[in-house]
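K.L.:
Dumping the structure here so I can ask a few things about it.
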Amino acid sequence: MKQLPKGFQGAAIAAGLKSSGALDLTIIENLGPHFDAAAVYTSNKVVAAPVIWSREVTKGKLVRAAVLNSGGANACTGPQGFADTHHTAEKVGQLLGVSSGEVVVCSTGLIGELLPMPKIVAGLDAIAPNLKPDSLDEISRAIMTTDSVPKVATASVNGAEFAGIAKGAGMLAPALATMLSVIMTDAILPDSAQEIFARVTDRTYNRIDSDGCTSTNDTVLLMGSGASGVSLSDSEFESVLMEVCGSLASQLIADAEGSTKTVAITIKGAVTENEAVEVARACARNNLLKCAIFGADPNWGRVLAAVGTADAQMDALKIDVILNGIHVAKGSAPFEDKNLVSFADRLVSLEVNLNMGPATATVMTNDLSHDYVHENSAYST
């Protein structure tokens, strides 16, 4: 079992929320001496009850515990859904001897169904006495839904430890984060932690775009115990967060529902970084292009057609396309033989040069397969 950073303990249980009998409920407690936190949430206007609750909690930048469940999103569940979230936080607060207003609640699963609260309450009662430091593996498994593997990342710098977990295999178009992720560190969080974390989130989780769908429950939480006594510079802190969150984001897109290819879309020569991201995202969300990649079809015309839909400055006659190392289009016209492109490897590299400016950005996506359609047509059953 992998250890959590100093000052943290956790545990998970199969509370019966999932029909599979897998782990589905977890508590992560910060024992301090610091209880600092930062968070980023979904940009979706339709949000789940736990997001409404947790946004208010993290405004105070003080979080002593997080409770997370899979097996139900508690989204679009009306006043009762929010009451259930409140009850969950109060229960955790009672068990740990902390204020419910210092407990973040996260849920993931099917939208539009109330949670079975008796199972959650009983599960919390069972978890609380068994919190332990060596629980990274089990808490990462408790938040899985359609994930085929748990996502875990760790790092250390100057005596400070960082550990992160994440879940998500579908609805990965964050416009914020993934679906759920918690980053823990025993470093002392800098005063600028929220700004740094938002910036890191934007350049990691926000740069994966599997299917163009944004969840109602997306939550990325950073918790700092300060138990190592180590204070990092802002640049050191941002660098290690980029490492941990970047690893988790890569693991998420590699496990995207039904995918057979992971696609790195790199846009060069854009006027601004934001415009580079817009062009990359236009390609990542283009179903025709994603189907071509699934079928191992080097159809670079679909690339140009997707690029042209983006809100970015470009000259339609000066765009270059390089697909898996083959320069298939130069100046928006045929160049090297597209039949030289190989799709033998899982990773596909798509590079587009707008030849307009100095900015670049990469967005990760995947192909669109039969299995994705099947998995999402049968999700509620």
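The values are calculated or read from the model by the stated rules, or taken from the named source; none is laboratory data. Computed from a predicted structure; not experimentally measured. With ideal geometry, Cβ positions are generated from the backbone for all residues, glycine too; neighbour counts draw on all protein chains shown.
K.L.:
Scan the stretch 158-205 for residues that are of a type in the set (S, T, N, Q), farther than 25 Å from A142 by Cβ and either in a helix (DSSP H, G or I) or at pLDDT below 95 (or both) and jot them down. Break it down stepwise before answering.
P.N.:
Of all residues in the stretch 158-205, those of a type in the set (S, T, N, Q) come to 158, 178, 181, 185, 192, 194, 201, 204.
Filter once more, so that each one left must be farther than 25 Å from A142 by Cβ: 158, 192, 194.
Hit for the stretch 158-205 is Q194, nothing else.
K.L.:
Of everything in the stretch 358-381 that's surrounded by fewer than 16 Cβ atoms within 10 Å (Cβ to Cβ) and among the small types (G, A, S), which residue is nearest to K268 (Cα to Cα)? Outline the logic, then answer.
P.N.:
Our first condition is that a residue be surrounded by fewer than 16 Cβ atoms within 10 Å (Cβ to Cβ); within the stretch 358-381, this holds for 358, 370-371, 373-375, 377-381.
Okay, now just the ones that are also among the small types (G, A, S), so 377-378, 380.
On the way: S377: 36, A378: 39, S380: 40 Å.
If we take residues in the stretch 358-381 being surrounded by fewer than 16 Cβ atoms within 10 Å (Cβ to Cβ) and among the small types (G, A, S), then S377 is nearest to K268 (Cα to Cα).
K.L.:
So, one more: Please tell me if L180 is touching an Asp or Glu at 6+ places or on another chain (Cβ under 6 Å) and either surrounded by fewer than 24 Cβ atoms within 10 Å (Cβ to Cβ) or closer than 21 Å to K59 by Cα (or both).
P.N.:
Numbers: touching an Asp or Glu at 6+ places or on another chain (Cβ under 6 Å): no; either surrounded by fewer than 24 Cβ atoms within 10 Å (Cβ to Cβ) or closer than 21 Å to K59 by Cα (or both): yes.
Against the criterion (touching an Asp or Glu at 6+ places or on another chain (Cβ under 6 Å) and either surrounded by fewer than 24 Cβ atoms within 10 Å (Cβ to Cβ) or closer than 21 Å to K59 by Cα (or both)), L180 does not qualify.
K.L.:
Which residues, counting only those in the stretch 37-74, are under 18 Å from the mean Cα position of the chain (by Cα), more than 30 Å from K6 (Cβ to Cβ) and of a type in the set (G, A, S)?
P.N.:
Scanning the stretch 37-74 gives S43, A48, G71, G72, A73.
K.L.:
Here's a follow-up. Does V51 satisfy the condition of being modelled with pLDDT of 95 or more, outside any loop (DSSP other than H, G, I, E, B) and in contact with a helix residue (DSSP H, G or I) (Cβ under 7 Å, 6 or more places away or on another chain)? Walk me through how you get there before you give the answer.
P.N.:
Working: modelled with pLDDT of 95 or more: yes; outside any loop (DSSP other than H, G, I, E, B): yes; in contact with a helix residue (DSSP H, G or I) (Cβ under 7 Å, 6 or more places away or on another chain): no.
For V51, the condition - modelled with pLDDT of 95 or more, outside any loop (DSSP other than H, G, I, E, B) and in contact with a helix residue (DSSP H, G or I) (Cβ under 7 Å, 6 or more places away or on another chain) - is not met.
K.L.:
Now a separate question. Report every pair of residues separated by at least 6 positions or lying on different chains whose Cβ atoms are under 9 Å apart, first residue within the stretch 242-259 and farther than 16 Å from T185 by Cα, second of a type in the set (D, E) and surrounded by fewer than 18 Cβ atoms within 10 Å (Cβ to Cβ).
P.N.:
Pairs found: E257/D371; E257/E375; G258/D371; G258/E375; S259/D371.
K.L.:
What number of residues within the stretch 62-74 are part of a loop (DSSP other than H, G, I, E, B) and in contact with a helix residue (DSSP H, G or I) (Cβ under 7 Å, 6 or more places away or on another chain)? It would help to see each step written out before you state the result.
P.N.:
Quick first cut of the stretch 62-74, residues part of a loop (DSSP other than H, G, I, E, B) only: 63-64, 70-71, 73-74.
Going one step further and asking which of them are in contact with a helix residue (DSSP H, G or I) (Cβ under 7 Å, 6 or more places away or on another chain), we end up with 63-64, 70, 74.
Number of matching residues: 4.
K.L.:
More than 18 Å from the chain's Cα centre (by Cα) and free of Cβ contacts under 8 Å to residues at least 24 places away in the same chain - does that describe any residue in the stretch 20-36?
P.N.:
Among the residues of the stretch 20-36, at least one is more than 18 Å from the chain's Cα centre (by Cα) and free of Cβ contacts under 8 Å to residues at least 24 places away in the same chain, which makes the answer yes.
K.L.:
Going by the conditions given, is G229 assigned to a loop (DSSP other than H, G, I, E, B) and either basic (K, R) or at pLDDT below 95 (or both)?
P.N.:
Against the criterion (assigned to a loop (DSSP other than H, G, I, E, B) and either basic (K, R) or at pLDDT below 95 (or both)), G229 does not qualify.
K.L.:
Being farther than 22 Å from A333 by Cβ, of a type in the set (D, E), outside any helix (DSSP H, G or I) and modelled with pLDDT of 95 or more is the filter here; which residues of the stretch 256-315 pass it?
P.N.:
Hit for the stretch 256-315 is D311, nothing else.
K.L.:
Just checking, which of V352, V303 is touching a Gly at 6+ places or on another chain (Cβ under 9 Å), outside the structural domain of R207 (by TED's automatic domain parsing) and either free of Cβ contacts under 8 Å to residues at least 60 places away in the same chain or surrounded by 13 or more Cβ atoms within 10 Å (Cβ to Cβ) (or both)? Reasoning before the result, please.
P.N.:
Working: V303 fails: touching a Gly at 6+ places or on another chain (Cβ under 9 Å).
Of the residues listed, the single one that is touching a Gly at 6+ places or on another chain (Cβ under 9 Å), outside the structural domain of R207 (by TED's automatic domain parsing) and either free of Cβ contacts under 8 Å to residues at least 60 places away in the same chain or surrounded by 13 or more Cβ atoms within 10 Å (Cβ to Cβ) (or both) is V352.
K.L.:
Can we say A83 is touching a Phe, Trp or Tyr at 6+ places or on another chain (Cβ under 9 Å) and either closer than 25 Å to M117 by Cβ or in contact (Cβ under 8 Å) with a residue 40 or more places away in the chain (or both)?
P.N.:
Values: touching a Phe, Trp or Tyr at 6+ places or on another chain (Cβ under 9 Å): no; either closer than 25 Å to M117 by Cβ or in contact (Cβ under 8 Å) with a residue 40 or more places away in the chain (or both): yes.
No: the conditions fail for A83.
K.L.:
Yes or no: A89 more than 30 Å from E278 (Cα to Cα), small (G, A, S) and touching a residue at least 60 places away in the same chain (Cβ under 8 Å)? Before the answer, list the steps.
P.N.:
On the way: more than 30 Å from E278 (Cα to Cα): yes; small (G, A, S): yes; touching a residue at least 60 places away in the same chain (Cβ under 8 Å): no.
So A89 does not fit the description; no.
K.L.:
Scan the stretch 212-231 for residues that are surrounded by fewer than 24 Cβ atoms within 10 Å (Cβ to Cβ), in contact with a strand residue (DSSP E or B) (Cβ under 8 Å, 6 or more places away or on another chain) and under 20 Å from V40 (Cβ atoms) and jot them down.
P.N.:
Passing the criteria: only C213.
K.L.:
All but one of (1) touching a residue at least 60 places away in the same chain (Cβ under 8 Å); (2) in contact with a Leu (Cβ under 7 Å, 6 or more places away or on another chain) hold for S332; which doesn't?
P.N.:
Looking at each condition in turn, S332 falls short on (1).
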